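Below is one structure; the comments refer to it alone.
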Amino acid sequence: MIITLTTDFGYKDPFVGIMKGVIAGINPHARVVDLSHGVPPQDVVAGALVLRNSIPYFPPDTIHVVVVDPGVGTARRPILIQSRRNYLIGPDNGVLSLAAADKSPDRLIHLSNSTYHRKPVSATFHGRDIFAPIAAYLSLGIDPAAFGETVEDYARITWPPVVKAEDGIKGEIVYIDGFGNLFTNIQVDDLNSLAKEKLRISLRGITVRRIATSYAAGKNRDYIAVINSFGALEIAVYKNSAQRRSQAKVGDEVFISAGET
Amino acid sequence: MIITLTTDFGYKDPFVGIMKGVIAGINPHARVVDLSHGVPPQDVVAGALVLRNSIPYFPPDTIHVVVVDPGVGTARRPILIQSRRNYLIGPDNGVLSLAAADKSPDRLIHLSNSTYHRKPVSATFHGRDIFAPIAAYLSLGIDPAAFGETVEDYARITWPPVVKAEDGIKGEIVYIDGFGNLFTNIQVDDLNSLAKEKLRISLRGITVRRIATSYAAGKNRDYIAVINSFGALEIAVYKNSAQRRSQAKVGDEVFISAGET
Amino acid sequence: MIITLTTDFGYKDPFVGIMKGVIAGINPHARVVDLSHGVPPQDVVAGALVLRNSIPYFPPDTIHVVVVDPGVGTARRPILIQSRRNYLIGPDNGVLSLAAADKSPDRLIHLSNSTYHRKPVSATFHGRDIFAPIAAYLSLGIDPAAFGETVEDYARITWPPVVKAEDGIKGEIVYIDGFGNLFTNIQVDDLNSLAKEKLRISLRGITVRRIATSYAAGKNRDYIAVINSFGALEIAVYKNSAQRRSQAKVGDEVFISAGET
């Protein structure tokens, strides 16, 4: 059984390694895969997006642990969301919600049973003291019901909607990857209503007029648009950083018209 | 059997991967866990602290390899420290000493038997040529005595002491994590002698007047103090970097008074 | 069977983790080792060098996957190079060629059989859709011939030659590691023709007059030269970054004379 880890811990400190030590102490046979530890500090939305974009590529019953947890030590609950496809474990601050959004979960557990926590539970590192041990016990086959009481709802992040207007659609930048590629919230299906040959994509004064089929299509250092590997519209510059060149930020508006101009 | 790796190699180069290749060539079944490869270059004290803070969370008999090794290629010895709890392998420059400090080791071996080294041993990469192979052979069950002669002592780092005065206690910043949280050498027990309700923590002109129970208690962007997950007093700023805001450095003095003021 | 991964994906995003998810879905028992994900973006030569320097330290039959792939989505072929020693998988842009250079491969396959690809294959992430699944199927024992047709040649990178002159030899900086050490293309054998006691190494106005046997030999913060762990001449500064101090870049000329001066 695979356990994935996604955190905002970065790569300087041993915090992720410590979580793996805790897991190995409970289930020496658990297989742990790092999704990313480069989520920007306390950026719950980015963590939620990383998780959502990653889970389709893992086998059924994978256990996904996310620790982007600015509220650690407060009343925010530690939760487990079980679906037919997988298990999501983390703080109830919305970071699991984009991954869980498609369906109502089979089971939603508040991880309140301290029998399965490391003791004492610290005020600042529930990744080590709650989430890692729960994931490890779950990977041993413990029934999720043992971890705490069933609850009815969990915190959700509002995913920015793609707005359809008469002259086009409006979305926004939702994630910027390490190459500086700008991921939008506009999915390939959102573009179906538009005449592809007349597309005009606008972002921070930049205009892109077609959707390329590879990064290399932008050989003259122009901005290009592609449908990226998550099915979303992405703005990029071949062998360069669209972010650095445009100074774009998460939240910037992207407008797509299919007009005559 | 788990082998952990802690280095100052960073994440640009394949040096860590190469060590894993060497280990896999000797023991294909060894399980390798990365503790951190973000130890600042040649910072033996930071490496020692990372190791000390991490080993309590690993199962018994774990093999911990540390390569923070500015003296590679000189006369400094490669050593193995065996205790009832675990094995520590690395250069004899103090980097293992904080982890080993609590007890006299069961066995201390100078890794001088070249039978268990990769050949030729390079002048610059004993992680690959000595420490990784020794860890791999050890994980196969080879008796540590085979790796070289028993020696009597090893290099120790002087841990900065917490100084108790009449009006309070004096410590210092010993580590700064990737979030910019400032770890002090002051442990929770050091605070027992002080009246908690009158605490006054001073650092670089900053004053913090109480110990919070979560980062989120500092919602107004003030500095806060917490007892962190390693049981140490830590200065932090909620959703921000206390290091960036204060320009604090490792070695900066922290004074705690419990006076009237 | 070990699968290694080398990419320019960096450490912010979940792309590497996603590749591991795909591999685990096909072969749950594959062992994956990260070589480096810190190859500079789109730097095919650096990726090729990382691979060449790393593969000698892995067991026979290791599967090495490299994704430094600026041409993803274009006509550049995905290939597999099989030798007696190992398997190399990646884009046919030269990134595999330094590792494969020594011998003619046993088999060279264009990975054209979509049966073994994830579907649909995206325009931007063949690491996930082609290279990871091929590596996983190969680790299951599928015959490489099943992955596509045999082809005759693959793209090669021109390795900068060491030029021998009457008064010395001329090479260049080919890689700079995370410590700021400057790797040259000059191998230890290239130095055999020179009188070691009269060496004079010149780089950007810097002169180094001997080859040290450890970094620590340069205690006074001078530049030093060492034969590094890959058998190459390297310029370094003890406990410092030769790159930062000299502003040297990949491609800078290094001249070695053995003259009287």
Original post:
For label points placed 7 Å from Cα toward Cβ, what is the shortest-first list of nm distances from B:ASP106 to its copies?
Top reply: 4.3, 4.3
Original post:
Roughly what angle does helix B:15-26 make with the longest principal axis of chain B, taking Cα atoms, 0 to 90 degrees, to the nearest 10?
Top reply: 40
Subject >> Separation of the B:THR207 and B:ILE142 label points, Cα + 7 Å toward Cβ, nm >> reply: 6.1
Original post:
Given a cut-off of under 8 Å on Cα pairs at least six residues apart, what relative contact order in percent is computed for chain C?
Top reply: 15
**OP:** Report, please, the projected area of region A:122-261 averaged over directions, based on the convex hull of its C-alpha atoms, in nm².
**Re:** 12.8
**OP:** For region B:25-111, divide the Cα radius of gyration by the Kirkwood radius and give the resulting Rg/Rh value with two decimals.
**Re:** 0.94
Original post:
Which FRET efficiency value, to the nearest 0.05, is calculated for C:VAL121 and A:TYR11 with the Förster distance at 41 angstrom and r the Cβ-Cβ distance?
Top reply: 0.85
**OP:** Take the Cα atoms of the protein assembly as shown, find their three principal axes, and give me the spread along each one in whole Å, biggest first.
**Re:** 81, 79, 48
**OP:** Quick one: grab the alpha carbon gyration tensor of region C:65-142, order the square roots of its eigenvalues as a ≥ b ≥ c, and give me rounded if a/c is under 1.5, else prolate or oblate depending on whether a/b is larger than b/c.
**Re:** oblate
Original post:
From the phi of every residue in region B:189-197, what ³J(HN,Hα) in whole Hz does the Karplus formula 6.51 cos²θ - 1.76 cosθ + 1.60 yield, where θ is phi - 60° and glycine or proline is x?
Top reply: 5, 4, 8, 4, 6, 9, 6, 4, 6
Original post:
Here are some pairs, A:LYS239/B:LYS12; A:LYS119/B:LYS164; A:LYS20/B:LYS119; B:LYS170/B:LYS249; A:LYS119/B:LYS219; B:LYS164/B:LYS219; which of them have Cα atoms lying more than 24 Å apart in this structure?
Top reply: A:LYS119/B:LYS164; A:LYS20/B:LYS119; A:LYS119/B:LYS219; B:LYS164/B:LYS219
Original post:
If you line up the Cα atoms of chain C on their principal axes, what length do they span on each, largest first, in Å?
Top reply: 65, 37, 32
Original post:
Between A:ASN192 and A:ASP61, what FRET efficiency comes out of the Förster formula 1/(1 + (r/R0)^6) with R0 = 25 Å and r the beta carbon distance, rounded to 0.05?
Top reply: 0.15
Original post:
How high is the relative contact order of region A:58-199, given as a whole-number percent (alpha carbon pairs under 8 Å, six or more residues apart)?
Top reply: 20
**OP:** Let me see the pair-distance distribution of region B:1-147: every alpha carbon pair, 10 Å bin width, integer percents in order.
**Re:** 12, 49, 36, 3
Subject >> Exercise: per-residue mean of other protein chain Cβ atoms within 10 Å, A:208-221 >> reply: 3
Original post:
What is the residue of chain A with the smallest Cβ distance to the axis taking A onto C, and what is that distance in whole Å?
Top reply: A:TYR11, 3
**OP:** Rounded to the nearest 10 degrees, what's the angle between the helix B:44-54 long axis and the longest principal axis of chain B, both from Cα atoms, 0 to 90?
**Re:** 90
Original post:
Going by a ≥ b ≥ c, the root eigenvalues of the Cα gyration tensor, does region B:194-236 fall in the rounded group (a/c under 1.5), the prolate group (a/b larger than b/c) or the oblate group?
Top reply: rounded
**OP:** Taking each label point as 7 Å beyond Cα in the direction of the beta carbon, state the distances from C:ASN220 to the same residue in the other copies, shortest first, in nm.
**Re:** 5.7, 5.7
Original post:
Using θ = phi - 60° and the Karplus form 6.51 cos²θ - 1.76 cosθ + 1.60, what ³J(HN,Hα) does each residue of region B:232-239 get, whole Hz, x for Gly and Pro?
Top reply: 10, 6, 9, 9, 8, 10, 4, 6
Subject >> Label spacing, shortest first and in nm, from B:PRO28 to its equivalents in the remaining copies (7 angstrom along Cα→Cβ) >> reply: 2.0, 2.0
Subject >> Global size of region C:69-193 as Cα Rg and Dmax, reported in angstrom >> reply: 18.1, 59
**OP:** For region C:3-77 and region A:5-36, write down the distance between their C-alpha centroids in whole Å.
**Re:** 21
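Readers should treat all values here as calculations from the given coordinates under stated rules, not as data from a laboratory. Remember, predicted model here, so these are calculated numbers, not experimental data. Virtual Cβ from ideal backbone geometry, glycine too; neighbours counted across all protein chains shown.
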